[in-house]
Amino acid sequence: MGKVRLKDIGDALGVSQVTVHNALSGHKGVSPQLRMKIAEKAEEMGYVPVSSAKKKEEQSGEFWKAGVLIAENYLAQYSTYYWKMYQELSLAATEKRCYTTIEVLKKDAEKNTLALPQIVKSGSVQGLIIIGEIDKRYIKNLRQKVSMPVIFLDFYDNEIARDAVIGDNFYGMYQMTELLFAQGFEKIGFIGSIYATSSIMDRYCGFMKAVMEHKVGVPKEWLIEDRDEVGQVGFELPRCLPEAFVCNSDLVAGMTVLKLRERGVRVPEDVSVVGFDNYLYPEYGDMKLTTYEVNTKAMTKVALEKLLKQLRNPQIGRSLEVVSGHVVWKKSVKMRLT
């Protein structure tokens, strides 16, 4: 029998590869009973933990140590989405003989002290992947004081964060808006704080490209801010509603559906709603949102490969990589009768 993989253990027990990884790595989210069951099955199948080959890989020069940094506010508000992205990155890293160490960037460090991550100061990692957008002052300070490769995942800035991997926010949202126009809608609103993140701005620009091409106007009250200065999501819908809402994320789309229901407005019979991400937030149940799926698995693999290439060859060029996703039709858009 060949080398036993995490997937083999998961298939034998009927659980996911991520669950097996979390159980054997001591991560949260796995019950004690299931953790023990997975450990017993791994031993029975002859699974050899990657960590047991760590010393040999270090000596051969094939072992890499990557740090992962995520801002505290993202874990507080979007824990499931960004935690999923980190899990996919961690799994991809294991396959590439790379070990990941995650650190949460505290708000005070990000906004005030600009303190470097402990994993960087301690010298325990050779490169860094930053997931999500963080304060630009912090990035500038980090780049000035750290010489190791830094890859930005799900964030790009032409001045300070050029070595990045992002989803196709612009054309993805353009497609979602075109989808609504194709169903005969012309009165369409957008929900998202345009200046809050680069991703939301790109998605708004994609929305506006479609709107401008169809030569329709968007009343000011239908361009709705969805979060405050610290990123706390919350908004109110206007009294006069459009025919459809384009939401900058599935989180906001789910909130929009609930707010419409509270007013007795049916989705999609009265108002259609589209989201972005194709990620089901547990607190909103399965609302069957029509959305744009961001290919997070491909994004994490591309980010990891960029980091490893730079560790092997520091002279390699820096670039932006855009990873396309696809439209996912569900049930939150009223279909045009043909």
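A short reminder: the numbers here are calculations on the coordinates, not readings from a lab. Please read all numbers here as calculations on a predicted model, not as lab measurements. A quick note on method: Cβ atoms are made from the backbone with ideal geometry, for glycine too, and the neighbour counts reach across all protein chains shown.
Placing a label point 7 Å from the Cα of S319 along the Cα-to-Cβ line, the residues of segment 149-186 whose backbone N sits under 15 Å from it are 162-166.
Could you pull out the GluC sites (Glu not before Pro) across segment 217-263 that fall in loop regions by DSSP (anything but H, G, I, E, B) with no more than 10 other Cβ atoms inside 10 Å? Of the GluC sites (Glu not before Pro), the ones in loops of segment 217-263 whose Cβ has at most 10 other Cβ atoms within 10 Å are E229, E236.
Note on A12/N295: beta-carbon distance plugged into 1/(1 + (r/R0)^6) with R0 of 45 Å gives a FRET efficiency of 0.95. Of all lysines in the structure, the ones whose alpha carbon falls short of 20 Å from that of K187, not counting any fewer than 8 places away in one chain, are K209, K215, K220, K259, K331, K334.
Where in segment 224-238 does the amide nitrogen come within less than 15 Å of the point 7 Å from the Cα of R137, taken along Cα to Cβ? 230, by backbone N distance to the label point. Counting charges near N248 (Lys, Arg +1; Asp, Glu -1) among other residues having Cβ under 12 Å from its Cβ returns a value of -3. Peptides 161-168, 178-185, ordered by how many other C-beta atoms sit within 10 Å of their residues on average, highest first, read 161-168, 178-185. Using 0.36 nm per residue and subtracting the Cα-Cα separation, the extra length available between Q33 and R239 on full extension is 69.0 nm.
When the convex hull of its Cα atoms is viewed from all sides, segment 102-203 shows a mean projected area of 7.7 nm². Each Lys or Arg adds one and each Asp or Glu takes one away; over the other residues whose Cβ falls under 11 Å from the Cβ of D135, this sums to +3. Expressed as a fraction of 2.2 N^0.38 Å, the C-alpha radius of gyration for segment 169-293 is 0.95. Restriction of the chymotrypsin sites (Phe, Trp or Tyr not before Pro) in segment 193-268 to DSSP coil positions whose beta-carbon has at most 14 other beta-carbons within 10 angstrom yields Y195. Loop-located chymotrypsin sites (Phe, Trp or Tyr not before Pro) across segment 259-338 with a Cβ neighbour count of 15 or fewer within 10 Å are W329, with loop assigned by DSSP. Its residues counted as N, the chain yields a C-alpha radius of gyration over 2.2 N^0.38 Å of 1.09.
Residues considered: M287, M36, M299. Largest GNM mean-square fluctuation over the chain, using C-alpha springs under 10 Å, is found at M36.
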